[in-house]
Amino acid sequence: MTDTPQAAVSDLDDERERPLTLAVLRQLVRTDWSKLPGTTLVVLSRDTEGNGYSPFATYARSRYAPAYDGVVGEVYPLPEELKRDKELRELFADIPDSAVPALVLYPLG
């Protein structure tokens, strides 16, 4: 995986309708958000229309596979987690081939 942003920060308005990669997030933190106070709350929206909001609470490294309409999908354990946990392997016996590494952000509520 590369740390090269998928778009220059000045082009991010055009990228808002695309999935955000970690490279772009890092670029935003280094540039656009670098002057924000460290106490600035990070808030997640429940959906794209902005219905319901919650503070960012935790994250997980997982795998993501789009389903349904290609925008909404499911999250699956990493291979090393499955290797260590038999119960997890049984629970997630059918992980799609389309599952890719992802950083999953979870809201507080």
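Readers should treat all values here as calculations from the given coordinates under stated rules, not as data from a laboratory. These numbers were taken from a predicted model, which means no experiment stands behind them. Quick reminder, even Gly has a Cβ in these numbers, built from the backbone with ideal geometry, and neighbours come from all protein chains shown.
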R0 of 22 Å, Cβ-Cβ distance residue 75-residue 97: FRET efficiency to nearest 0.05: 0.90
Quick one: if you stick a label point 7 Å off each Cα along the C-beta vector at residue 104 and residue 44, how many nm between them? 1.0
